[in-house]
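Asks: This structure is in structure tokens; I'll ask about it shortly.
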Amino acid sequence: MATYREKAIHLAVLSIGVGAMFIASFASYAHFDFANAQSNYRTSMQPQGVQSTQEVQNTTTKNYTGLEEKNKALVLKAFDTLFNNRDYVAAEGYWSPKYIQHSAVVPPGRDGLFNLVKNSPPTLKYEPGIIVADGDFVIVQGRFSGMGQPVNWIAADILRIEDGILVEHWDVIQDEATQEQSKGGFPMFGDKFPNPLENE
């Protein structure tokens, strides 16, 4: 069970122009927490003694960078171990036995995920794309291909990490659009559209 420490939040509300307001919160423990900022100006005129947005972000970066880089590397290694290498014994070291699953397409728990992969075609491949982290949470965009489906999946997987293992998961999954299907005109993953013949 996660342990939470009490923290005091201090709000600074700054008027920076007609109809514009900047709200920042600062947590008194461990690191500054840039919780909420709203502004319709790209530059702010701040009174003396109030930290700028950049100062808060820099402080956050200094305190978070090591943990977040470690968590991103953990997720990438875990996904490669499970989906590409199919090393289930090694993968157990990355997923909690009490893994909480929020996905609509993956059965519950660590066993549900592992069994899904075991029952997938040997051609299953996972490719990571954009990855971001915020404290104990990592979001990685990736492509699942070779699943025996008519189209690839583009997924945004959201992982919560606790004590160096994956303990909770959410996802958002879309079919990968071809160039003809794309409304935006740019690939959903990488720098080129998929070849529709690849999944035939």
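What follows draws every value from the coordinates through simple rules; no lab data is involved. Given the structure is predicted, the values throughout are model-derived calculations rather than measurements. Cβ: placed from backbone, ideal geometry, glycine included. Neighbour counts: every protein chain shown.
Asks: Can you tell me the length gained on complete extension of the stretch ILE173 to MET147, counting 0.36 nm per residue apart and subtracting the Cα distance? Please list the in-between numbers first.
Replies: Values: separation 26, 0.36 × 26 = 9.36 nm, distance 1.39 nm.
Computed gain between ILE173 and MET147 is 8.0 nm.
Asks: Largest first and in whole Å, give the semi-axes of the stretch 65-199's equivalent ellipsoid, each being the square root of 5 times a Cα gyration tensor eigenvalue.
Replies: Details: eigenvalues 129, 65, 31 Å².
For the stretch 65-199, the ellipsoid semi-axes come out as 25, 18, 12 Å.
Asks: Which FRET efficiency value, to the nearest 0.05, is calculated for VAL89 and GLU180 with the Förster distance at 41 angstrom and r the Cβ-Cβ distance? Spell out each step's value before the answer.
Replies: Working: r = 43 Å, r/R0 = 1.05.
E(calc), rounded to 0.05, equals 0.45.
Asks: Starting from 0.36 nm per residue, how many nanometres of slack lie between LYS125 and PHE137 once their C-alpha separation is accounted for?
Replies: 2.0 nm
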